[in-house]
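The values are calculated or read from the model by the stated rules, or taken from the named source; none is laboratory data. Please read these numbers as outputs of a predicted model, since none were measured by experiment. FYI the Cβ positions are ideal-geometry reconstructions off the backbone, even for glycines, and counts take in every protein chain you see. Ligands, DNA and RNA are stripped out before the accessible areas are found, and what is left, the full protein with its side chains, is counted by its heavy atoms. Shrake-Rupley method; radii C 1.70, N 1.55, O 1.52, S 1.80 Å.
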Amino acid sequence: MATMHAVKDAVSADAETAFAVRVDGLDVTFGEGETAVTALRDVKVDIPEGALVTMLGPSGCGKSTLLRAIADLVPASRGGIEVHGRTPEEARKERDFAFVFQDATLLPWRSAIDNVRLPLEVGKPGPAHADPMELLELVGLKGREKALPGELSGGMRQRVAIARALVTRPRILLMDEPFGALDEITRDNLNEELLRIWNETGTTILFVTHSIPEAVFLGQKVLLLAAHPGRVKEYMTVDLPYPRQLPVRDTVEFIKITAHLRKMLEEC
Ligand SMILES: Nc1ncnc2c1ncn2[C@@H]1O[C@H](COP(=O)(O)OP(=O)(O)OP(=O)(O)O)[C@@H](O)[C@H]1O
């Protein structure tokens, strides 16, 4: 896709890059007084339009909080967030982004296709939406549209959740450990699938994971947060060409990057 390649090339050319998300001097504090928890302190990060950025960091460093602040689910205590030049609240109302969680949270009594349709039935209808059937095909579930969630594997349910997130044609996908509960083989498959979906849709993706290899395999950039308080430790570009296939993980370049991140994580 010509557009996607242009976006990918633009990631390193900051002067010309359009940003999907700009976070500037963000603090998020929960509670008050002695019991207050500073989840994020002075976080500054830009997510280029169309980029796939993965986020790593020790438990409690504020990865979910950052995603949730971008999604207007927790308020900023200080600093600002712009989502396509708007506030998170405005972006939420315009359905600019969609969330995918670790648990697919499908309605068990609705078929796969009816789960994908769900966002179109609640809230404000968007100006344009994707065809639920085409989305199920995009995520590799053609022929399973009538299946109930209980008849699908964990990986298939997560595919439905991804299709459901894409149905309103969000420009940004916020993914919080979406494959964390899956077995390794399923996770590997979904990693390759996600790269294909990203390439076909051009959606900006911000993806939280605890897995260093997953972060490096998927990410154009890896955002590493340190803990207590949560802050940016490193924001690095992964210099591995796309399309990426799983064997890239056995290359010297890949192993060097994961070793570097592991060392950085140990210091967090
Ligand atoms: N609603 C809340 N109220 C109070 N404290 C919270 C709330 N949400 C998060 N925190 C605290 O903020 C800090 C960051 O939490 P967060 O869930 O963002 O971390 P994380 O990096 O996503 O963790 P994990 O990798 O374990 O999922 C933690 O200390 C957590 O206890």
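D96: under 30 Å from A227 (Cβ atoms), touching a residue at least 24 places away in the same chain (Cβ under 8 Å) and open to solvent by 90 Å² or more (accessible area, probe 1.4 Å), yes or no? Let's see the steps before the verdict.
Details: under 30 Å from A227 (Cβ atoms): yes; touching a residue at least 24 places away in the same chain (Cβ under 8 Å): yes; open to solvent by 90 Å² or more (accessible area, probe 1.4 Å): no.
Criteria not met by D96.
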For segment 110-171, please list each of the helices (runs of 4 or more DSSP H) lying entirely inside it that holds at least 3 residues being closer than 17 Å to R196 by Cα.
132-138, 154-166
Within segment 41-75, take every residue that is in contact with a Lys or Arg (Cβ under 7 Å, 6 or more places away or on another chain) and either part of a strand (DSSP E or B) or open to solvent by 10 Å² or more (accessible area, probe 1.4 Å) (or both) and give me the one that is farthest from the ligand (Cβ to nearest atom).
D46
Is it true that D42 is closer than 25 Å to Q220 by Cα and touching a residue at least 24 places away in the same chain (Cβ under 8 Å)?
yes
If you take the residues in segment 213-260 that are among the basic types (K, R) and part of a strand (DSSP E or B), which one is farthest from the ligand (Cβ to nearest atom)?
K221
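Counting only residues that are of a type in the set (S, T, Y) and part of a helix (DSSP H, G or I), which one in segment 172-212 is farthest from T105 (Cα to Cα)?
Going through segment 172-212, the residues of a type in the set (S, T, Y) turn out to be 186, 201, 203-204, 209, 211.
Those left that are additionally part of a helix (DSSP H, G or I): 186, 201.
Working: T186: 18, T201: 23 Å.
By that ranking, first place goes to T201.
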Segment 202-212 - residue that is within 13 Å of A51 (Cβ to Cβ) and of a type in the set (V, I, T) and, of those, farthest from the ligand (Cβ to nearest atom)
T203
Out of all the residues in segment 201-208, is one or more under 26 Å from M264 (Cβ atoms), touching a helix residue (DSSP H, G or I) at 6+ places or on another chain (Cβ under 6 Å) and open to solvent by 10 Å² or more (accessible area, probe 1.4 Å)?
no
